[in-house]
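Student: I have a structure I would like to understand better, so I am pasting it below and will then ask my questions one at a time.
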Amino acid sequence: MSIDMSQFHQVFFEECFEGLEAMESGLLTLDMGDIDSEIINTIFRGAHSIKGGSGTFGFTVVADYTHIMETLLDEMRDGRRKVTQPAVDVLLGSVDCLREMLTAIQNEQDVNNSSVAKHKAALEAVLNGSSVAEAPVLPIEHEAVNEKTIIDNIPHVDEEESFELDEQGWKIAFCPYLDLLKTGNDPVRLFRELNELGELTTIVNVQDVPGFYELDPEECNISWDLKVVGNDISGDDIKEIFNWVEGDCEMDIQPLAKTSKPSPTVNNVIPEPVAIAVSNSPAPKPVEVKSKPNAEAKKAESQDSDNETAKNMAKASSIRVDTDKIDTLINMVGEVVITQSMLGLVGENFSMDKVGQLKRGLAQLERHTRDLQQSVMNIRMLPISFVFSRFPRLVHDISSKLDKKIVLKLVGENTEVDKAVVELINDPLVHLIRNSLDHGIEMPADRVAAGKSETGTIELKAYHRGGHIVIEIIDDGRGLDKDKLLSKAIEKGLIEENNLLTEKQIFELIFMPGFSTAEQITDISGRGVGMDVVRRNIQSLGGNIEIVSELGKGTTIAIHLPLTLAILDGQSVAVGDETYIVPLVSIIESINITERMLNKVAGKGETFRLRNEYLPVIRMRKIFNVHSGNPTKSKEGVLVVVEGQGELCCLLVDELLGQQQVVIKSLEANYRRVEGVSGATILGDGSVALILDVPGLVRFSTR
Amino acid sequence: MEQEAENKDIDQYHYSRNLDNAVQYLSFALGKEEYGVDILRVQEIRSWEPVSRIPNVPCYEKGVVNLRGSIVPILDLRERFNLSKAEYTALTVVVVLQTGDSNKTRIMGVVVDSVSDVISVDKTEIQSAPDFGTKVSNEFINGLVSVNERMVMLLDVDKLLKLEELVDQDES
């Protein structure tokens, strides 16, 4: 009987999560004691739309919960309550709680009742707490857009709280004829106008609404009892508003009696059309919430979180795209079509004197194709703020846990990067920032002793550099202690005692598995897993990570990532008859050599001396078992010096062919992973070329 | 169920045999032997074109080709079954097959000498494969069927392509 609401769920959840993020960032920027109504309004709006939406979709748990939050926020907004740190913390907690609830609902799991109840209790404690500036005389608004209330029109909630105020205003019985909507009038607009005159309360009568199958969506079967509260509203003002619909409705306007009887009210501040549409149809089944015994709940919680991650992985992802970007794309496609038809004309009766025209057309086509490619890639680009926006919260929470004073500065949040990169960079960044918080920044007392300001700063910076995005995490903490790193590494047997390491190599030590210099293992960091995972993740994205640090001054960790994972700049090389692509980013230089310039090591390996450094040589012919092509040619070849896993090595190939952008195709989709190969691409002639995985090759060759 | 229903429709058109059990197979030749694969697994039939070799894989994995934008591996069935090698000619055929586990479908090409026919087989007439000895591994063979006095070996596509994963695990 009901409309299939589930098709809107995805959008609803997306909007909710966006709203939650906005609330979170708003809460974090709130200054204590001071009331910035703009920020509170933003938070309030977030809460309000979540409440409205969840009511509409029948997620009453969420709606009820948000309602309490809203009450608190409302008091803050009106200045009836001071903004205190505990209150903000509780609100932040509720944001988390809401997120949990929504995720659970999204994954069609049971909402964890015990945690909801806990947060709810905390909220109510704040709400009833003594920190209220003045006792709230005003009744608490009940804006339940809960369709149950609308449909049944049963006075229930509000009867206890009688409106004992002296109210001035008007009472309007508004009963539109069936064809009100057909004349182009929208009651919602009228109500909005009324709301500007004074505080509007609406009661919807839906008893005339027919069953769903008899329902004509163009007919207006609903009537309203309206109440406008406010001083100085004249009857003419109200009549003016209803001027337009005069012939299309029955209405009765009465001044409000003093101390009006409490009426069952459903207060729609702005009755959204969605809410009305729903009120026409029977309520969607509310989400069933089963309560569990506490002990079980805990167990279920951990299970749920496991399931959740699994589900999140499988979930199809969607992306919001700026309309501008789509318009550009459509323009571009138009251009391509025009060029194509122009070329078609040229081709139809081709003669040699049209060669010039043909060439021009082809050049144009090339340009348009490139532009088209660019704009399609652009669609996948998201600002890095999608990742960054989560960190103020993280820093806030952890720094208060650690009793440190830390400011997080975000720079370049609007830098755009491919969606896939955005998704995959989050975890490594979280890890690095936790590290900076825990190990980097000192305790306030230590900082003062070191002559630094009490408050530490972590700067998160993103910018583009030459087809790459660079993300830097800069802290002004204690920096890395080289001697300590070295002794620790020797102690753990990760390096030999007499090894001479460069500064860079010493810093690289922290990326080794099992390496941690933290004296104490905390729940934030220090277990020595992680940094190696961070580096591996970043490398799997085709990026690299660098550390610069000065003892006592701070540490800078820079992550370089490709802008997109779909296209890469490649150098095609020939090995025998075969063509391979070397990612341009990993190439340091290429050198023409002859056989004699290589040195054998222990009869097996080979090295090449490049500016006083001996680099290992990988013969591509040998490692890939290539037998084709002219074997005499291998007497001389080209050495491509590449960097993989932070080390240099040389690939011996027969010839360099050319540089080009290639579209990365997965080998695994229909085949499987191949050692030393990261993917494949299709060359101009339609044949397939393999893209070399340089770090993988280095690993492969040392085996 | 759906597949069977579909088969039934086609069969009704061609044959008037036992309709409930009929399955259609695409038969092809490898040397003098004749094999068949479930026709619903056949995506398309193409002529042989040069492949890009993949380094360090078994020799029957000839390489990959570009099939309208996706990278598709090509297997040589003669080499897979340890039959004598044949030169690739203009008549050499690649049958593109689909395999699907529950969540992912793959496509893959197999090189055969020539495609012969579409045969309709009554399920009850399929005999289980006897032990062939060492020459042909019979793990891919679902059964035997006799069509116009010729013996056709029916191949299990999933097993043919599943072997991939096993090799992968061995290597890594």
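The values are calculated or read from the model by the stated rules, or taken from the named source; none is laboratory data. Quick caveat, the model's predicted, so the values are computed rather than measured. As a convention, Cβ positions derive from the backbone with ideal geometry for all residues, glycine included, and neighbour counts pool all protein chains shown.
Student: Which residues, taken from region A:649-684, are part of a strand (DSSP E or B) and acidic (Asp, Glu)?
Tutor: A:655
Each row is one residue, and each column tells you yes or no for (1) surrounded by fewer than 19 Cβ atoms within 10 Å (Cβ to Cβ); (2) at pLDDT below 75.
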site: A:530; (1), (2): no, yes
site: A:544; (1), (2): no, no
site: A:551; (1), (2): yes, no
site: A:561; (1), (2): no, no
site: A:568; (1), (2): no, no
site: A:576; (1), (2): no, no
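Student: Of the residues that make up region A:402-416, is at least one part of a loop (DSSP other than H, G, I, E, B), in contact (Cβ under 8 Å) with a residue 12 or more places away in the chain, acidic (Asp, Glu) and touching a helix residue (DSSP H, G or I) at 6+ places or on another chain (Cβ under 7 Å)?
Tutor: The answer is yes, given that some residue of region A:402-416 is part of a loop (DSSP other than H, G, I, E, B), in contact (Cβ under 8 Å) with a residue 12 or more places away in the chain, acidic (Asp, Glu) and touching a helix residue (DSSP H, G or I) at 6+ places or on another chain (Cβ under 7 Å).
Student: Tally time: how many residues in region A:433-474 are under 26 Å from residue A:563 (Cβ atoms), in contact with a helix residue (DSSP H, G or I) (Cβ under 8 Å, 6 or more places away or on another chain) and assigned to a strand (DSSP E or B)?
Tutor: 7
Residues checked against (1) facing chain B (nearest Cβ under 7 Å); (2) touching a strand residue (DSSP E or B) at 6+ places or on another chain (Cβ under 7 Å); (3) more than 15 Å from residue B:73 (Cβ to Cβ):
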| residue | (1), (2), (3) |
| --- | --- |
| A:663 | no, yes, yes |
| A:668 | no, no, no |
| A:677 | no, yes, no |
| A:680 | yes, yes, no |
| A:694 | no, yes, yes |
| A:699 | no, no, yes |
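Student: Go through region B:46-88 and give me each residue that's buried (at least 17 other Cβ atoms within 10 Å of the Cβ), aliphatic (A, V, I, L, M) and either within 8 Å of chain A (Cβ to nearest Cβ) or part of a loop (DSSP other than H, G, I, E, B) (or both).
Tutor: B:51, B:54, B:57, B:64, B:65, B:71, B:72, B:83
Student: To continue, here is another question. Just one of the numbered conditions (1) of a type in the set (Val, Ile, Thr); (2) within 27 Å of the chain's Cα centre (by Cα); (3) within 22 Å of residue A:551 (Cβ to Cβ) is not true of residue A:448; which one?
Tutor: Result: residue A:448 passes all but (2).
Student: Let me confirm something: among B:26, B:97, B:91, which residue is more than 10 Å from chain A (Cβ to nearest Cβ) and outside any strand (DSSP E or B)?
Tutor: B:91
Student: Starting from region A:575-587, keep only residues that are within 17 Å of residue A:619 (Cβ to Cβ), then list their pairs with residues that are at pLDDT 85 or above and in a helix (DSSP H, G or I) whose Cβ atoms are within a distance under 6 Å, requiring at least 6 positions of separation or different chains.
Tutor: From residues that are within 17 Å of residue A:619 (Cβ to Cβ), the pairs are A:575/A:620.
Okay, residues lined up against (1) part of a helix (DSSP H, G or I); (2) under 18 Å from residue A:397 (Cα atoms):
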| site | (1), (2) |
| --- | --- |
| A:72 | yes, no |
| A:89 | yes, yes |
| A:102 | yes, no |
| A:109 | no, no |
| A:114 | yes, no |
| A:120 | yes, no |
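Student: Take region A:463-509 and flag every residue that is free of Cβ contacts under 8 Å to residues at least 12 places away in the same chain and either in contact with a strand residue (DSSP E or B) (Cβ under 7 Å, 6 or more places away or on another chain) or among the polar types (S, T, N, Q) (or both).
Tutor: The answer is A:487, A:498, A:499, A:502, A:505.
Student: Another one. Among the residues of region A:351-376 satisfying the criterion of being small (Gly, Ala, Ser) and in a helix (DSSP H, G or I), which is nearest to residue A:417 (Cα to Cα)?
Tutor: Let us first name the residues in region A:351-376 that are small (Gly, Ala, Ser), namely A:351, A:356, A:361, A:363, A:375.
From what's left, in a helix (DSSP H, G or I): A:356, A:361, A:363, A:375.
Working: A:356: 40, A:361: 33, A:363: 29, A:375: 13 Å.
Restricting to residues being small (Gly, Ala, Ser) and in a helix (DSSP H, G or I), the top hit is A:375.
Student: Would you say residue A:339 is touching a His at 6+ places or on another chain (Cβ under 8 Å), over 30 Å from residue A:25 (Cβ atoms) and of a type in the set (Val, Ile, Thr)?
Tutor: Considered against the rule, which asks whether it is touching a His at 6+ places or on another chain (Cβ under 8 Å), over 30 Å from residue A:25 (Cβ atoms) and of a type in the set (Val, Ile, Thr), residue A:339 comes out as yes.
Student: Also, I was wondering about something else. Is at least one residue of region A:479-493 closer than 12 Å to residue A:406 by Cβ and buried (at least 18 other Cβ atoms within 10 Å of the Cβ)?
Tutor: No, that holds for no residue.
Student: Among what's in region B:100-128 and is farther than 19 Å from residue B:29 by Cβ and surrounded by 16 or more Cβ atoms within 10 Å (Cβ to Cβ), pick the residue that is farthest from the other protein chains (Cβ to nearest Cβ). Walk me through it before giving the result.
Tutor: First pass over region B:100-128, keeping only residues farther than 19 Å from residue B:29 by Cβ: B:100-108, B:122-128.
Add one more test, that the residue is surrounded by 16 or more Cβ atoms within 10 Å (Cβ to Cβ), and what stays is B:106-108, B:122, B:126.
Values: B:106: 5, B:107: 5, B:108: 6, B:122: 33, B:126: 29 Å.
Per the stated criteria, the residue is B:122.
Student: Restricting the search to region A:72-112, which residues are more than 22 Å from residue A:15 (Cβ to Cβ) and among the β-branched types (Val, Ile, Thr)?
Tutor: Answer for region A:72-112, where residues must be more than 22 Å from residue A:15 (Cβ to Cβ) and among the β-branched types (Val, Ile, Thr): A:83, A:84, A:88, A:90.
Student: Just one of (1) within 14 Å of chain B (Cβ to nearest Cβ); (2) modelled with pLDDT of 80 or more trips up residue A:641, so point out which.
Tutor: Among (1) within 14 Å of chain B (Cβ to nearest Cβ); (2) modelled with pLDDT of 80 or more, the lone unmet condition for residue A:641 is (1).
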